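The values are calculated or read from the model by the stated rules, or taken from the named source; none is laboratory data. Model, not experiment: these values are computed from the prediction. Cβ placement follows ideal geometry from the backbone for every residue including glycine, while neighbour counts extend to all protein chains displayed. Ligands, DNA and RNA are stripped out before the accessible areas are found, and what is left, the full protein with its side chains, is counted by its heavy atoms. Shrake-Rupley method; radii C 1.70, N 1.55, O 1.52, S 1.80 Å.
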Amino acid sequence: MELTQEQYDIIHSTGNIKINAVAGSGKTTTIIEYAKARPSESKILYLAFNKSVKLEAVKKFSDKGLKNVEVETAHSLAYKHIVPKFKYKIRPQGYKTYEIAELLGLHADGEKHAEYIVANHINNFIAYFCNSDKLKVHDLNYLDVVVDNKAREFVSKYYRYIETQTRLLLKKMDDGEIEITHDFYLKKFQLSNPKLNFDYILFDEGQDASPAMLNIFLKQRATKVIVGDTHQQIYGWRYAVNSLEKTDFKTFQLSLSFRFSQDIARLAVEIVSWKNHLTDVPTISIIGKGNSKAHKVKAVLARTNLGLLLKSIEYLQERENIQHIYFEGNINSYTYADDGASLYDVLNLYNGKHSQIRDKLIMAMKDLYELEEYIDKTDDVQLGMMVEIVKEYGNEIPGIIKRIKNKHVENNEREKADIVFSTVHRSKGMEYDTVQLVNDFITEEKIKKIKEEKAAWDLNKVNEEINLLYVAVTRTKNSIFIPETLIPYGLPSSAQIYITKVEAQGRKIEPENIRKSDDLWAGAIAKNDKAKIIDEARKTNKDAYLPWTTELDDELTVMYCEGASVKDLSKYFGRSDGAIRSRIKKLELRELYGLIRF
């Protein structure tokens, strides 16, 4: 095969190196060629990001006849060294909040459902510790990763109790008194200071490494190679760190993408440049060499489960010709939270049907308002999204989910799907012919507003939100359909970047020369024939982006107290239901004046 100069330099390098590889740049091919160029008697370990990547890598190394390469994930490697030795039993799905409360006999006076709130924070604290490189729980300050103000207030009040119970639950696992989690045996592996018998260790997706795994990796005597993309770090919520920035190895670049064209490359670069609104970021170079003309595999990508589910509902309602759909990770994973609570449990709580609720945590809640209080004190994003779905669709949910499941194909029939639905996290490492983005990503307008208002913000979190959009746009091999609000200012016109009609705070943006393109996408798709329409659309719809003023807040408060519904308020103010609910929450109107009719 013909290699680029960048690939050649990497393959023939010596010593510890790190490779910053843009999306679609053939990093796996480069790593395989790097391994192939090493002496045949060398023992090489390739650390893959997850099981699916591992299986794919095993096949690729095998096809090249590289029998001296062992492929593992961080967890599979840790499992082999820890679980059989200590005869641990695994709890694959981890512990539910109510299970932790029962195991530890939790209690806390003066707070409603405090035992469950404490249990939720214990679960998070354990994940934080197990993914860290620290030796003891006490070496960490859990408050460093608690963002929501109400959650921080609760944790501060009960910190010593939460920390003590966290250590107690870890001890129960260590003693074999209860089953261990996947995070636990990875942590135990790190604390054992393992010495791995390899000459070379190739660490893939280094931008999303856990500090625990990075600590293991850096302590090895082998020649070390880290490969990743600084701007694809999207697992900070799992306490990941960017190992490319944590090491001082010699740096190499893979800047040529074989996946997409230069037009998509330019879009990706412009999105990354949004980071400069908050801090100085080095300019990145992406050269797009992809030339795919295929339109077979279409995907809809969203930032959140909520955004994806709402978009899938919209598709099924408007496009009766769609016969088969596929959700990356299976549809069931979108209707259940990590700790086991289901969308149906939240719906039954909404309807006051406690006898039909299966999850003990949800069952303990008096009503939806009480559940939201719990969410505020735990910052449980998944449960929060479920509540929003229930508020939006109520008793239509069972029928909607049934329709989705009736058209959903299984993994082995994935190629039959007319459309693939996925969140960005689940699409990591995937590529599609054509991609449509849901309008639930961070926008340049919002980033500028954060800067202008000088409000409290977390730079790492904002950067990760930008990274999510970057990852999303670089999943395409051919064309992308992107909401107008996500298009960078001044982006040149392109035959591969299409603007979709969107609803910005309740007002539709429909530039005159946006036209339908049914041959590329089954539905209302709009093509960007002239770059200037982007800025023109913004100029003619400036009021759609206006911030809330004191006068508008007062008017909203009066109408709220008069019993106006969210739908009525949305129509009156020309904003989305979500924007109205968000403002109600911001002004704490429910706390001050009671419940509103949703």
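Listing for the model above:
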| item | result |
| --- | --- |
| Estimated distance in nm for a label pair at Gln93 and Asn406, the labels positioned 7 Å out from Cα along Cα-to-Cβ | 2.7 |
| Positive dipole terminus of segment 251-337, leading residue within Val269, Ile325, Ala294 (C-beta point charges) | Ala294 |
| Distance (nanometres) between label positions extended 7 Å along Cα→Cβ at Ser565 and Glu396 | 1.1 |
| Eligible lysines near Lys298 by straight Cα distance, threshold 19 Å, same-chain separation 8 or greater | Lys311, Lys405, Lys407, Lys416, Lys428, Lys477, Lys501, Lys516, Lys527 |
| Loop-located GluC sites (Glu not before Pro) in segment 117-188 whose Cβ has at most 14 other Cβ within 10 Å (DSSP) | Glu177 |
| Cross-link reach list, aspartates and glutamates versus Lys187, counting only Cα pairs under 14 Å and skipping chain neighbours closer than eight places | Asp133, Asp174 |
| Of Lys150/Lys391; Lys51/Lys224; Lys18/Lys195; Lys112/Lys360; Lys87/Lys246, those spanning more than 25 Å from alpha-carbon to alpha-carbon | Lys87/Lys246 |
| Computed over the chain: relative contact order in percent, which uses C-alpha pairs under 8 Å that are six or more apart | 14 |
| Alpha-carbon centroids, segment 272-297 and segment 153-172: separation in whole Å | 43 |
| Share, in percent, of DSSP beta bridges within the chain that are antiparallel, nearest 5 | 15 |
| Rounded FRET efficiency, nearest 0.05, which uses the C-beta distance separating Leu3 from Phe249 and R0 of 22 Å | 0.55 |
| 222 nm mean residue ellipticity, helices alone, for the chain (DSSP H n ≥ 4; -39,500 (n - 2.57); rounded to 500) | -13000 deg cm²/dmol |
| Whole-number D in µm² s⁻¹ for the chain, Kirkwood Cα-pair radius fed into Stokes-Einstein, 25 °C, 0.890 mPa s | 94 |
| Rounded to the nearest 10 Å², the accessible area of Trp457 at probe 1.4 Å | 100 |
| Solvent-accessible surface ranking, highest first, for Thr14, Thr29 at 1.4 angstrom | Thr14, Thr29 |
| Contour minus Cα-Cα distance for Met430 and Glu415 (0.36 nm per residue) | 4.0 nm |
| Candidate residues Asp144, Asp376, Asp554, Asp174: accessible-area rank, largest first, probe 1.4 Å | Asp144, Asp554, Asp174, Asp376 |
| Peptides 214-226, 410-422 ordered by average Cβ neighbours within 10 Å, highest first | 214-226, 410-422 |
| Ser493 versus Glu588: modelled label distance in nm, points set 7 Å from Cα along the beta carbon direction | 5.3 |
| Using alpha carbons only: equivalent-ellipsoid semi-axes of segment 340-449, gyration tensor based, whole Å | 30, 22, 12 |
